[in-house]
Amino acid sequence: MDLITVPGEGRELDRLAEASRGYMAQARAPNTLRAYGSDWRQFESWCASRCFCALPAAVEAVVVFLTEQAETHKVSTVVRRLSSISVAHRWAGHPSPSEQAEVKALMAGLRRARGTAPDRRRPLMAEQLEAALKSLPVDGMGTRDKALLLVGFAGAFRRSELVGLDWEDCEFVDQGLII
């Protein structure tokens with residue numbers, strides 16, 4: 001990103017421009033950037049092997065690439081590949097192929113045909129919780145497990161949220177616990 005230099009304030013603007021680049025670099029997680037890079041290299045290679053231009057990509061090329069990917073990959077992977085292609089186009093100043101009607105129709109049809117609804121789990125009921133708590137041993141690990149089950153149940157936490165809790169996330173107050 002280039003900023004206009006104001007006479008006498010060049011160093012400060014340079015420092016701010018550098019800081020802004022640092023913040024922009026942190027906009028996405030490192031693993032996301034690695035996945036985008038891998039997906040983009042795969043798309044570029046696919047395009048080169050079929051005499052398509054990868055950037056800007058023709059809508060037909062994106063549709064055929066995604067269709068081929070859908071034959072061997074999960075819908076979530078195809079969605080990520082489309083995101084990678086879209087991000088590469090936006091970063092290069094081109095319109096995103098994901099906004100084209102053909103690509104939207106393909107993705108909607110793929111989701112409908114392959115069914116991407118998440119696996120639903122039945123919730124733990126109070127009676128089941130009580131039975132689980134009674135079955136735990138009366139020792140340090142049993143006490144820990146009881147605490148996790150009770151906090152998870154009371155807070156309606158998902159498993160991922162529960163395992164992601166750190167001690168620093170908890171605040172004990174007169175009324176109880178704030179997480």
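The values are calculated or read from the model by the stated rules, or taken from the named source; none is laboratory data. The model shown is predicted, which means the values in this text are computed figures rather than measured ones. Cβ sites come from the backbone with ideal geometry, for glycine too, and all protein chains shown count toward neighbours. Each accessible area value is taken on the protein alone, full model and side chains, heavy atoms only, with ligands, DNA and RNA left out. Shrake-Rupley method; radii C 1.70, N 1.55, O 1.52, S 1.80 Å.
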Query - Anisotropy class of the stretch 73-144 from Cα gyration tensor, a/c 1.5 cut - result: prolate
Requested in this report: For the stretch 90-172, give the percent of accessible area contributed by carbon and sulfur heavy atoms, probe 1.4 Å, rounded to a whole number.
Outcome: 57
Report summary line: A student applying the Cα gyration tensor rule (rounded when a/c is under 1.5; otherwise prolate if a/b is larger than b/c, oblate if not) would label the chain oblate
Query - the stretch 117-176: C-alpha gyration tensor shape, a/c 1.5 cut-off, then a/b vs b/c - result: oblate
Query - For the chain, the longest site-free run once trypsin sites (Lys or Arg not before Pro) in DSSP loop states with at most 14 other Cβ atoms within 10 Å are removed - result: 75-119
Requested in this report: Rounded to the nearest 0.05, what FRET efficiency do ARG28 and VAL173 give with R0 = 35 Å and r taken as the Cβ-Cβ distance? Could you check?
Outcome: 0.45
Requested in this report: Calculate the length of the line joining the C-alpha centroid of the stretch 58-90 to that of the stretch 163-179, in whole Å.
Outcome: 42
Report summary line: For GLN42, placing the label point 7 angstrom along Cα-to-beta-carbon and taking the stretch 62-83, residues whose amide nitrogen sits under 14 Å are 65-83
Query - Percentage relative contact order, the stretch 70-179, counting C-alpha pairs under 8 Å, at least six apart - result: 12
Report task. Note down the magnitude of the dipole of the stretch 43-179 about its Cα centre, charges +1 on Lys and Arg C-beta and -1 on Asp and Glu C-beta and zero elsewhere, to the nearest 20 debye. Result -> 660
Report summary line: Restricting to aspartates and glutamates and to Cα separations under 15 Å from LYS104, and discarding same-chain partners fewer than 8 apart, the set is GLU60
Query raised in the report: Can you list the lysines whose alpha carbon sits under 18 Å from that of LYS146, skipping same-chain ones fewer than 8 residues off?
Result: LYS134
Report summary line: With every protein chain kept in place and a 1.4 Å probe, the stretch 106-179 has an accessible area per residue in Å² of 86
Requested in this report: For ASP145, tell me the accessible area in Å² from a 1.4 Å probe, rounded to the nearest 10.
Outcome: 50
Query raised in the report: With charges only on Cβ, +1 for K and R and -1 for D and E, what is the dipole size of the stretch 98-179 about its Cα centre, in debye, rounded to 20?
Result: 740
Report summary line: So the FRET efficiency between LEU124 and THR77, C-beta based with R0 = 30 Å and rounded to 0.05, is 0.45
Query raised in the report: Among ALA19, SER83, LEU150, whose Cα lies farthest out toward the positive end of the dipole of the chain, if unit charges sit on the beta carbon of Lys, Arg (+1) and Asp, Glu (-1)?
Result: SER83
**Report entry** the stretch 67-112: relative contact order as a whole-number percent, Cα under 8 Å and 6+ apart
**Finding:** 34
Report summary line: Note to self, the chain gives a 222 nm [θ] from helices alone (DSSP H runs n ≥ 4, -39500 (n - 2.57) apiece, / all residues, nearest 500) of -20000 deg cm²/dmol
Query raised in the report: Which one of GLN175, LEU162, ALA48 is farthest out on the positive end of the charge dipole of the chain, using unit charges on Cβ (Lys, Arg +1; Asp, Glu -1) and the Cα centre as origin?
Result: ALA48
